[in-house]
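Data block below; observations after.
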There are 2 protein chains.
Amino acid sequence: MRNTRLDDVPIQEALDQWSQSFTFRRETETLPIAQARGRMTAEPVRAQASTPPYPAAAMDGIALRAEAVSDASPSSPVQLREGRDFTYINTGDPLPRPWDTVIMIEKVTEIAEGWVEVTEPSPPWKHVRQPGEDVAQGELVLPDGHRVRPVDMGALLAAGVERVAVLRRPRVAILPTGSEMVPPGTPMQRGQLREFNGTAFAGYLEEWGAEPVYRGIVPDRRKAIRHAISEAVNSCDIVVVNAGSSAGSQDYTPQVLREMGEVLLHGVAARPGRPVVLAVVRGTPVVGIPGYPVSAYLSLDWFVRPLIDQWYGQESEVSPTLSARLIREVRTKTGAEDFVRMQVACVDGQYVAAPLPRGAGVTLSMVRADGWLRVPPSSTGYPAGERVELELARSPQEVEKTLFLTGTDDPLLEELGALMARQPKGWSLAQMVTGERDGLNMLQQRECHGVAVDGEGWSEVVPSDSPSLIQIHLAEREIGWITAPGIQVRQADDLLQPGLTFINRPAGTETRRRLERALAGSYPSDWERSIPSLWKAAAAVGERTADVTIGPRSVAQELGLDWMPLWREPFSLILPEEVFKSPAGQALLKILRSEAFTHRVAALGGSGSVSWKVIRQKGR
Amino acid sequence: MRNTRLDDVPIQEALDQWSQSFTFRRETETLPIAQARGRMTAEPVRAQASTPPYPAAAMDGIALRAEAVSDASPSSPVQLREGRDFTYINTGDPLPRPWDTVIMIEKVTEIAEGWVEVTEPSPPWKHVRQPGEDVAQGELVLPDGHRVRPVDMGALLAAGVERVAVLRRPRVAILPTGSEMVPPGTPMQRGQLREFNGTAFAGYLEEWGAEPVYRGIVPDRRKAIRHAISEAVNSCDIVVVNAGSSAGSQDYTPQVLREMGEVLLHGVAARPGRPVVLAVVRGTPVVGIPGYPVSAYLSLDWFVRPLIDQWYGQESEVSPTLSARLIREVRTKTGAEDFVRMQVACVDGQYVAAPLPRGAGVTLSMVRADGWLRVPPSSTGYPAGERVELELARSPQEVEKTLFLTGTDDPLLEELGALMARQPKGWSLAQMVTGERDGLNMLQQRECHGVAVDGEGWSEVVPSDSPSLIQIHLAEREIGWITAPGIQVRQADDLLQPGLTFINRPAGTETRRRLERALAGSYPSDWERSIPSLWKAAAAVGERTADVTIGPRSVAQELGLDWMPLWREPFSLILPEEVFKSPAGQALLKILRSEAFTHRVAALGGSGSVSWKVIRQKGR
């Protein structure tokens, strides 16, 4: 292998160099108007016919010559004979020659069969729509480089244009590589992985105006990759090879591209997304994109989206930005630009942001990300409290409609979030799992809207200068041991069995404190091993990387694991009074009191009814 | 006919009443992920599998038990036997039991066939991705009521979800009525009209998330309309009947709807768009929408779009607004809310707006509209100079990239606009035909970016306190008589022939002034008949509603009309120096000097080369 070290070129520089090293062969296609929505005109479009195509009556009435009634008045009415002096006409009918004016039927008196009387003049072209009044032959309807909107579709047809020349969409080949990959819709065996980047790529490409061509999974073999790229460059305008772009042993893409064409660069100064390969093969741009989903989507955005803009000759869209205060520090390494996925909330009119926890999982954190923080290569990050500029992945309006909770985790909060999202107002719910003490401190600092707590122990850690607080009791939930089949754990001491592995709840949670008290000084060796997500802890038990964890029955039930009850505890939300009284708080309350919520509590194995009380009056 | 008078109910009131009088039967459909982009989830989606599905190596290396190397150090290395103590493993491979840690291959020394040596401990789960680390079975991936984005598609597949339940799109039937209507793609005869609203409707409906069902044109017969509505309400969720909704004699829709179901309202207090009919037939909402395109699209937006939002349980999108200074008065009648199509420009950092001239034609003015001004029912409009709040139809960024010209009209300006739009920066060009004097006054008031002028006479009407101006000479154009076949006009006096009809250029144009001088006091009787658009004037000659007009050869040529030369005149743009030097001005200049522009000048029958000179220095 010739080059296992990666380059370190800034994104924009890499893009500029690459995009100047090939020329697109743009083509035009001619579509019926009904199929042209969203497409870009390839040439100026002029009206091919006039609307109306002829002078037309704008009223129901009689058509005549203006001259005939130029002297008419109530005292000297003019009598007209049908056929000779006038004809009856309906709105929209062509005006027959030599008529040049229309009198409304209401102003015409029929005096005998075939005879009418008119008592006022009607100047030429009154109540007549001129030919081309709406659109005249020859007029420019659309310039080139224009995206066809619905209103344009109507105008084109009105202008006698039946087909319109638009730029063909660039065809972008998607080549996922990896012998262990299985395409969507196919059953998987152990050791195989679902290929999903390709489907997300196709979605992005369609949104950006390209035609994705998913060419199927290519096995990790040099010859197969070579063959697949060769076929793709012949039929597509841009080729995306996914995975196989790092400097590892099975990554043939950079080597193959070097043999087939010119590799301009292997490695950009950005994290994640570093091991990108930019090449040109037989005049066609080929990009090798890493397999890790965050890197993959970012690289696609950095290197393929601008090419699509280049194809259309349009300026790249700029993401909306937002200034927010960091409520958690952001730590990065120098040497590359870092792209950090951020959670953003609007508390008390101020935007606050925190990096999404790494433990949240790559895929879900991409889904949950409200925005991105770009940390320059020279920086090691920012301390909490710093103001930063974020690129938003959602609109500021959506962010403002998010209730941001901290504290402890429970599937019930996910259900609550789902019920909020179903509201017409489009509220959503975001959570950062922090433990109760941290959550209550954040509440006091106005860094979140509320804290989820279990038990009652949290009340001891409320900061003394907290605002007035309301406790909303959501449900009684049952906490117990979640165990793998064959594992016997009944009481806290059983955790001390030799060889038994345990996943704890995170520090600062009531569950952990209660367990700590029960153990009274002797702890299992892996006491500090914790996973914030109940689901991830249970998945570890399911796959036997641990024997036991502790959590609510609902989680064990969903995963088909054994569960042994320990205690029941109240699960509550703590909200400042002003949040409780705000529209978001009232929307929340409405949901909590709904039948739908009661059903979901029951489905999760909880019980009890929603109630609330003031638990702290400011200054008392 | 029972009711020929129209109601006068405000839009929101009408909508509220209507939307409460039926209940949608929403349905769910289950789609493969690849087809779910943009669709709305019908229920919360939980992960059905974990990714990774098993503990997996995060590095290439050896898998072993942490216990085996807990005491390893450089001074006391631990020797391990393949198969018994460890196995080789690649990144991503499942970690076989009982191994619980991975050591990177770089840190392993092979000491003999099947034997390696390790010099440092590796704690449990180091370099091991936990099952569910990315997404764990049971975790909520998407709430319900969520529009599926590309990133979500990847996450769903990663979570083992192959199909997702989404809301079926509401089916909206489109029923254009009118015996004279011909659908797109069919040849037309005189007296027939192209049906184009239906195609625009379909485009809007798709953008709003509905499934348009174009059901073909219904003839203006009671029975046919009744039958078409009856079939549509059986198979669709919303029915749109186009035209046939005014109170005229051939408008059967309201009558038919009264016979078939309940008509809630006939007539809203809005202009245009007043004669809307809102009805419910067999539980399905039916709306009768006027045929006039502006009314049609507005009514669709008022009454069908909110129904689609209601279907999805989502809040209606709010149009972006902008505050602008009126540079022309807006006159309306009281009694109904008026919706005025507006042209908007950003001159010198200030937004200015003017109503689009009625003469511009309905269809093109819809295409050209930058926004809407809503004038309340109690108001008679606003004077020039007033600040008004507009609803934008384009983004403020697009408005800022528009060079706004006044003055005289020429097809060359359309070509110039088309060339500007083709630039990657996305400049566009808008024009208001004003005549030169008005244009120059507007320039001085900073109400436009430049003025198009012909001849040299304009220099006499430059206001004395104008800013420094640059004249850009675009081309020499040939002006002459545009005549219908058989009409002989050679000199100005020929306009005085009895019976000859003439369309003049608008007041304030150089062409008209020159002609006025040539006529020296005796004018044809229709001297005041003018049409600002050269194309519309020529279309009138083409259809013989006039015999002659005056204009450039290019227009006559395009329409196949006779043309007789009169004079050549320079055609120029006058720009303030600061506009000339601005990025927009320089983009313009670049185009003017391009070969493409020269070609287009020649194609239009003009000639000459572009040049510019400072024609007025401020304060000299």
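When each of B:Glu460, B:Glu478 is tested for being among the charged types (D, E, K, R) and without any contact (Cβ under 8 Å) to a residue 24 or more places away in the chain, the lone residue that passes is B:Glu460.
Checked against the criteria, A:Gly585 counts as crowded, with 18+ Cβ neighbours inside 10 Å and over 30 Å from B:Pro55 (Cβ atoms). Which of (1) more than 14 Å from chain A (Cβ to nearest Cβ); (2) of a type outside the set (Asp, Glu); (3) free of Cβ contacts under 8 Å to residues at least 24 places away in the same chain is the odd one out, the single condition B:Gly439 does not satisfy? The one condition B:Gly439 does not meet is (3). Based on this model, can you work out whether A:Glu510 counts as under 30 Å from A:Val462 (Cβ atoms), at pLDDT below 90 and of a type in the set (Asp, Glu)? So A:Glu510 fits the description; yes.
For region B:363-374, the condition holds for no residue, the condition being that it is touching a residue at least 12 places away in the same chain (Cβ under 8 Å), more than 14 Å from every other protein chain (Cβ to nearest Cβ), under 25 Å from A:Ser50 (Cβ atoms) and surrounded by 15 or more Cβ atoms within 10 Å (Cβ to Cβ).
Residue count for region A:143-156 satisfying the condition of being buried (at least 24 other Cβ atoms within 10 Å of the Cβ) and more than 7 Å from every other protein chain (Cβ to nearest Cβ): 1. Taking region A:500-582 and the helices (runs of 4 or more DSSP H) fully enclosed by it, the elements with 1 or more residues that are more than 29 Å from A:Pro467 (Cα to Cα) and touching a helix residue (DSSP H, G or I) at 6+ places or on another chain (Cβ under 6 Å) are at A:510-519, A:534-542, A:553-559. In region A:88-129, the qualifying residues are those that are within 14 Å of chain B (Cβ to nearest Cβ) and in a strand (DSSP E or B), and the one that is nearest to A:Glu67 (Cα to Cα) is A:Thr101.
Screening the candidates A:Gly160, A:Gly178 for the property of being within 12 Å of chain B (Cβ to nearest Cβ), farther than 30 Å from A:Asp144 by Cβ and in contact (Cβ under 8 Å) with a residue 12 or more places away in the chain yields one hit, A:Gly178.
Scanning region B:4-27 for residues that are modelled with pLDDT of 95 or more, in a loop (DSSP other than H, G, I, E, B) and surrounded by 12 or more Cβ atoms within 10 Å (Cβ to Cβ) yields B:Ser21, B:Phe22, B:Phe24.
Per the listing A:Ala202, A:Ala210, the residue uniquely touching a helix residue (DSSP H, G or I) at 6+ places or on another chain (Cβ under 9 Å), within 13 Å of chain B (Cβ to nearest Cβ), farther than 21 Å from A:Thr363 by Cα and modelled with pLDDT of 95 or more is A:Ala210. Out of B:Gly450, B:Gly439, one residue alone is in contact with a helix residue (DSSP H, G or I) (Cβ under 7 Å, 6 or more places away or on another chain), buried (at least 24 other Cβ atoms within 10 Å of the Cβ) and not polar (S, T, N, Q). It is B:Gly450.
Within region A:257-292, the set of residues being buried (at least 24 other Cβ atoms within 10 Å of the Cβ) and either within 14 Å of chain B (Cβ to nearest Cβ) or outside any strand (DSSP E or B) (or both) comprises A:Leu257, A:Gly273, A:Pro275, A:Val276, A:Ile289. None of A:Ala57, A:Ala68 is more than 11 Å from chain B (Cβ to nearest Cβ), over 60 Å from the mean Cα position of the chain (by Cα) and either farther than 30 Å from B:Leu419 by Cβ or without any contact (Cβ under 8 Å) to a residue 12 or more places away in the chain (or both) except A:Ala68.
Considering the conditions (1) over 35 Å from the mean Cα position of the chain (by Cα); (2) modelled with pLDDT of 90 or more, A:Lys618 is excluded by exactly one of them, (2). With respect to being under 27 Å from B:Gly426 (Cα atoms), away from chain B (no Cβ under 11 Å), of a type in the set (Ser, Thr, Tyr) and in contact (Cβ under 8 Å) with a residue 24 or more places away in the chain, A:Ser323 falls outside the description. Taking region B:384-435 as the range and being within 13 Å of another protein chain (Cβ to nearest Cβ) and among the basic types (Lys, Arg) as the test, the residues that pass are B:Arg394, B:Lys401, B:Arg422, B:Lys425.
Scanning region B:184-207 for residues that are surrounded by fewer than 16 Cβ atoms within 10 Å (Cβ to Cβ) and not hydroxyl-bearing (Ser, Thr, Tyr) returns B:Gly185, B:Pro187, B:Met188, B:Gln189, B:Arg190, B:Gly191, B:Gln192, B:Glu207.
With respect to the conditions (1) farther than 25 Å from A:Gly185 by Cα; (2) buried (at least 19 other Cβ atoms within 10 Å of the Cβ); (3) within 14 Å of chain B (Cβ to nearest Cβ); (4) polar (S, T, N, Q), A:Ser295 lacks only one, and its number is (1). Looking at region B:319-334, is at least one residue touching an Asp or Glu at 6+ places or on another chain (Cβ under 7 Å) and either charged (D, E, K, R) or closer than 28 Å to B:Ser19 by Cα (or both)? For region B:319-334, residues touching an Asp or Glu at 6+ places or on another chain (Cβ under 7 Å) and either charged (D, E, K, R) or closer than 28 Å to B:Ser19 by Cα (or both): present. Can A:Ala518 be described as closer than 20 Å to A:Asp454 by Cα, within 13 Å of chain B (Cβ to nearest Cβ) and at pLDDT 90 or above? It is false that A:Ala518 is closer than 20 Å to A:Asp454 by Cα, within 13 Å of chain B (Cβ to nearest Cβ) and at pLDDT 90 or above. Contact annotation: residue pairs with Cβ atoms under 6 Å, 6 or more positions apart or on different chains, pairing a residue in region A:520-549 that is farther than 10 Å from A:Phe502 by Cβ with a partner that is assigned to a helix (DSSP H, G or I), are A:Ile531/A:Ala537; A:Pro532/A:Gly359; A:Leu534/A:Val555; A:Ala538/A:Val555; A:Ala538/A:Leu559; A:Gly542/A:Leu559.
Only residues that are assigned to a helix (DSSP H, G or I) and of a type in the set (Asp, Glu) were counted across region A:474-499, and they come to 2.
The values are calculated or read from the model by the stated rules, or taken from the named source; none is laboratory data. As the structure is a computational prediction, the values presented were derived from the model and not from experiment. FYI the Cβ positions are ideal-geometry reconstructions off the backbone, even for glycines, and counts take in every protein chain you see.
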